[in-house]
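Only the coordinates and a few stated rules stand behind these numbers; no lab work does. From a predicted model like this one, the values you see are computed outputs, not experimental measurements. A quick note on method: Cβ atoms are made from the backbone with ideal geometry, for glycine too, and the neighbour counts reach across all protein chains shown.
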């Protein structure tokens, strides 16, 4: 059964550029995963440092594989200190 993840991230403004560079690599590697249907990043248009990842996977096994990947673990470790508050993650 298809899984969709919406991850809302708020960054400390001074880390925005570094985040975007890392996110572009994350998007590329995630979209190359076998059962990733789509992995996109959206930026708030209000000038804030808020972003939304919209992710679609074939099933829960694909989500688990993504979460276990080296690129996901590296990205999470890198961006953790950049966040201004806890991310909001919804799974459908």
Distance in nm between label sites at residue 85 and residue 44, each 7 Å beyond Cα in the beta-carbon direction? 0.8
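At a 10 Å Cβ-Cβ cut-off, how would you order 83, 41, fewest neighbours first?
Numbers: 83 15, 41 18.
Going from sparsest to densest Cβ surroundings: 83, 41.
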Cα-based radius of gyration of the chain once divided by 2.2 N^0.38 Å, which approximates compact folds: 1.04
Using the beta-carbon distance between residue 16 and residue 59 and R0 = 25 Å, what value does 1/(1 + (r/R0)^6) give for FRET efficiency, to the nearest 0.05? 0.15
For n ≥ 4 DSSP H runs only, could you compute -39500 (n - 2.57) per run for the chain, divide by its residues and tell me the 222 nm figure to the nearest 500? -11500 deg cm²/dmol
